[in-house]
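Take a look at the structure set out below.
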Amino acid sequence: MQPAISQSLIKEIFKKDCCPRQIFYAFVEGRDLLEPSEAMKIGRYFESELLGSCRGGEKQEPKLIKGGEKAAAYRECDEIIAFAREVFRRLSLDFDKKNVQVELKADYLKGSLDLIAKDIQGKGEAIYDLKYTATQPDDIWNGWGDPESKTDAHLQAIHYVFTYFKKYGKYVPFYFLVFGKSKWVKVIKVKVTKEAIDLHIERIKYVSEKLREFEKDGFKGNGTFNKCLACPFYNECPDKSTLPEIETITI
C-alpha cells in the first residue's frame, strides 16, 4: 500500500540516507518519525492554543511544574498567543473549526494546512502556515531572517498550493505567519511560479516511482549502523544494522 504524498514524505525520500523501512513505519503506518523536543512541544502548544488544535486535531498540553503551574516557557508562550490573537484581529483573519488544521487530500496528494482564510491582500481565500520562534526577526541563522534561502519552507508552500489546485482547480496565495517570542510578527507571502510547480510535479513523479520500488521490495530497510541507532523504530525493525562498518588498515 502506497501512502499519500505529503511534503514531509517528499523531504524524507529526497534525503541521501532515506530508509524504505522507516518510510513504511512513518508514512504507511502513520507513526511518529521523531520524538518531539521541548522546543517542538512549545511550538505545538502555540498552534494548539491559537487555532484550537495541532495538526491532526490533537491538543498539546503545557508542561506543568510543582504545584500544577505552567512551566515558565509555556507562560511566556501564553503572552505570544495573546499577541497573535490581536494580530489576527487586526488582520480580520476570522476562522472556525472548519478551516483550521485542514487535512486536504487530492488524488494521491495530501497536505496538512494550518489555516484557510480570506486573503489579507485581496479577495478570495489564501493558505496560511503558522510558525513560532524564540529568535529575533532578523536572525539569519533562524531562517526566517532570510526566507528566500529556507528551502524546506519553499517545498511546503509549493506542495500546499499545488494540492489545493488539484482539489479545487485554482491557485491561491500562500502566507507564512511567523511569530516571535519577543512579540513580533513577520508576514511572508510566497509567490509560486509556473517553473516551481513544474519542478514540483517532477518531484512528485520521482517520489511515486521510489514508493513503487520500495513497495515491490517490501519496504526493506537499508540503514547504516549509526542511522539505525538513532531510529525510533530500531527495536522492532527486522532490517536494522547491528554492526558498525569496520574500517581495516594495513600497517
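The values are calculated or read from the model by the stated rules, or taken from the named source; none is laboratory data. What you see is a predicted model, and the numbers here were worked out from it, not measured in a lab. Neighbour counts are summed over all protein chains in view; Cβ atoms, including those assigned to glycine, are modelled from backbone coordinates with ideal geometry. Note: accessible area is taken over every heavy atom of the protein model, side chains too, but ligands, DNA and RNA are not part of it. Shrake-Rupley method; radii C 1.70, N 1.55, O 1.52, S 1.80 Å.
Overview of results
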read-out	value
Elements of type strands (runs of 3 or more DSSP E) in region 85-138, at least 1 residues being in contact with a helix residue (DSSP H, G or I) (Cβ under 6 Å, 6 or more places away or on another chain) and over 16 Å from F176 (Cα atoms)	100-106, 109-118
Checklist (1) surrounded by fewer than 20 Cβ atoms within 10 Å (Cβ to Cβ); (2) touching a Pro at 6+ places or on another chain (Cβ under 8 Å); (3) closer than 30 Å to E86 by Cα applied to L33, failing item	(3)
Looking only at region 164-183, and only at residues there that are of a type outside the set (G, A, S), within 22 Å of R44 (Cβ to Cβ) and in contact with a strand residue (DSSP E or B) (Cβ under 8 Å, 6 or more places away or on another chain), the one that is surrounded by the fewest Cβ atoms within 10 Å (Cβ to Cβ)	K181
Condition check for V207: assigned to a loop (DSSP other than H, G, I, E, B), modelled with pLDDT of 95 or more and touching a strand residue (DSSP E or B) at 6+ places or on another chain (Cβ under 6 Å)	no
Residues being over 22 Å from the mean Cα position of the chain (by Cα) and closer than 23 Å to G169 by Cα - total across region 75-117	0
Residue satisfying all of: in region 104-135; of a type in the set (A, V, I, L, M, F, W, C) and open to solvent by 40 Å² or more (accessible area, probe 1.4 Å); modelled with the highest pLDDT among these	I120
Selected residue [open to solvent by 20 Å² or more (accessible area, probe 1.4 Å), touching a residue at least 24 places away in the same chain (Cβ under 8 Å) and among the small types (G, A, S)] from A73, A157	A73
Restricting region 37-57 to residues that are open to solvent by 40 Å² or more (accessible area, probe 1.4 Å) and under 15 Å from the mean Cα position of the chain (by Cα), the residue that is modelled with the lowest pLDDT	G56
Those residues of region 143-161 which are aromatic (F, W, Y) and under 18 Å from E12 (Cβ atoms), in sequence order	Y160
